[in-house]
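The values are calculated or read from the model by the stated rules, or taken from the named source; none is laboratory data. Computed from a predicted model, the values in this text were never measured in an experiment. Cβ atoms come from the backbone with ideal geometry, glycine included; neighbour counts cover every protein chain shown.
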Amino acid sequence: MKRLKAIVVILILVTAFSSAPIGVVRADISVISSDYVNKFPDGVEFTLETKDSAAIKNITLSYTVDSGNGPVDAYDKPKFDAGTSVKTSYMLEKRKIYLPPGTVLSYKWTIENESGGKVETEPVKFTYEDTRFTWRSLSKDGVTIYWYDWHPSSPDIARQALDEALASITRLSAQVGFTYSKPMKIFGYASKKDMDPALQLRSAGFSSEIVTLGQRTTAEIMLLLLNHFEFKETVAHEVSHMVIHQLADGPYSSLPAWLDEGLAMNAEKVVPQGYISELKKGIQTDELISVQSLGGVTGEPKDVMLFYGQSYSIVKFLVDNYGRGKIVEILNVLKTGTLINEALKQVYGFDVDGLDAKWRAGQGLKPRAVPQGGSAATVLGIPTIVPYGSQPSASQSAAAKPDQSGSGARSGEVGTNKGGIPLLPVAGGVAMLMIVGAGAVVMFTRRSQT
């Protein structure tokens, strides 16, 4: 019996001392402190203080970022002076990785001494928040809107935005026969000044001239200029991107810009008249962009509005003539990684140039004599934007209130830039429109043109 007890004790001890990860040599390394500091909007600073009887020679910060597009693992090695007592820190800067509000992060430290000893801290998880405001929230059916008090009507406007998001999800899910299932976080801001720091970094010229109305920053996070009279249309547009991308996104999939933006614009209750006017002008003069080139926006800044008008019209043409079922079918084909040319042939029986010819015929135009083609540009993200100071706020329609720009700007004609280039609210994914051409990168914004 004594022998059996001794064996049991030995097994317990072996189990206890073998609980460390395989390959990790246990050491007397002490972690005095491990912490993080939210420095919104500049990023997150991670700090560590540790000591050991042997000199510490290596420190690794491992972290995971999950903003809704799936967790991304990374690591960095902060600088420090080797010794038995070490303090170090690492700044995860916005210029290195964009962290929208609502991003979930986790991190841990791995510390090694010169004797081969190694210690790993327990992972710590936290949410990166915009700490400038006292946020309130409303949630329903997986959608949460966050806002702060800036006007007596702000709670009601936030509720309207939530209701519009839920209605848009229901309507779009029914149209595509697909149930949107991801959680959705909407952060509503009261002004351009408040919202700009939460957006991706841009040039000073962009920020001074552009008002972003909304932005689908990730699959689950939307930023919204809540104090704007078109906030409902912006919500509908951005929700469309979220629903469409959950349906169509795959490891190798890529939606052409005309299909992505055209579907989103068709989801809006009212399409801005400026886009339609530019489209009519292009049809009258037969100065249109080929569908091949509408994979992204190319050409002069004046073509940007025409891009949206044509994208809207082409998708409407497909829906009106072939039904919504075909749209769902092509989204599913694209999800497999099939390129748009082959996907169109599989679903509709014609390729990109065939679509171009059929759509032109529907406008009373002859087929293009020499199809414009080559490698279509790639859109890496388009925000909803308008000329700075050209639009009234959401609360101004009900009560007098300082303009949302904070600079005495007046409300003006929708989509008109006093500088001479007509522009309108645009919606989409990330922060700017990047057009990748042959050997060059050109960036357009919408209203003074990234």
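Brief remarks follow.
- Condition met for residue 125 (over 25 Å from residue 229 (Cβ atoms), out of contact with any helix residue (DSSP H, G or I) (no Cβ under 6 Å at 6 or more places or on another chain) and crowded, with 16+ Cβ neighbours inside 10 Å): no
- Filter pass, residue 269 being at pLDDT 90 or above and either in the same structural domain as residue 342 (by TED's automatic domain parsing) or not in a helix (DSSP H, G or I) (or both): no
- Of all residues in the stretch 174-186, those satisfying the criterion of being buried (at least 17 other Cβ atoms within 10 Å of the Cβ) and touching a helix residue (DSSP H, G or I) at 6+ places or on another chain (Cβ under 7 Å) are 175, 176, 178, 180, 184, 186.
- Among the residues making up the stretch 110-131, those that are among the charged types (D, E, K, R) and under 21 Å from the mean Cα position of the chain (by Cα) are 129, 130.
- Residue match in the stretch 109-129 (condition: hydroxyl-bearing (Ser, Thr, Tyr), assigned to a strand (DSSP E or B) and over 28 Å from residue 245 (Cβ atoms)): yes
So that you can scan it fast, the table gives a plain yes or no per residue for (1) at pLDDT 95 or above; (2) in a strand (DSSP E or B); (3) touching a Leu at 6+ places or on another chain (Cβ under 8 Å):
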{"site": "23", "(1), (2), (3)": "no, no, no"}
{"site": "33", "(1), (2), (3)": "yes, yes, yes"}
{"site": "49", "(1), (2), (3)": "yes, yes, no"}
{"site": "54", "(1), (2), (3)": "no, yes, no"}
{"site": "58", "(1), (2), (3)": "yes, yes, no"}
{"site": "69", "(1), (2), (3)": "no, no, no"}
{"site": "90", "(1), (2), (3)": "yes, yes, yes"}
{"site": "107", "(1), (2), (3)": "yes, yes, yes"}
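- From the options 201, 223, residue that is touching a Gly at 6+ places or on another chain (Cβ under 7 Å) and within 30 Å of residue 39 (Cβ to Cβ): 223
- Residues that are surrounded by 24 or more Cβ atoms within 10 Å (Cβ to Cβ) and either charged (D, E, K, R) or not assigned by TED's automatic domain parsing to the domain that holds residue 187 (or both) within the stretch 210-229 comprise just one, 216.
- Single unsatisfied condition, residue 239 versus (1) of a type outside the set (Asp, Glu); (2) at pLDDT below 85; (3) surrounded by 19 or more Cβ atoms within 10 Å (Cβ to Cβ): (2)
Residues are listed down the side, and each one gets a yes or a no for (1) polar (S, T, N, Q); (2) surrounded by fewer than 17 Cβ atoms within 10 Å (Cβ to Cβ):
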site: 35; (1), (2): no, yes
site: 60; (1), (2): yes, yes
site: 65; (1), (2): no, no
site: 78; (1), (2): no, yes
site: 85; (1), (2): yes, yes
site: 92; (1), (2): no, no
site: 96; (1), (2): no, yes
site: 103; (1), (2): yes, no
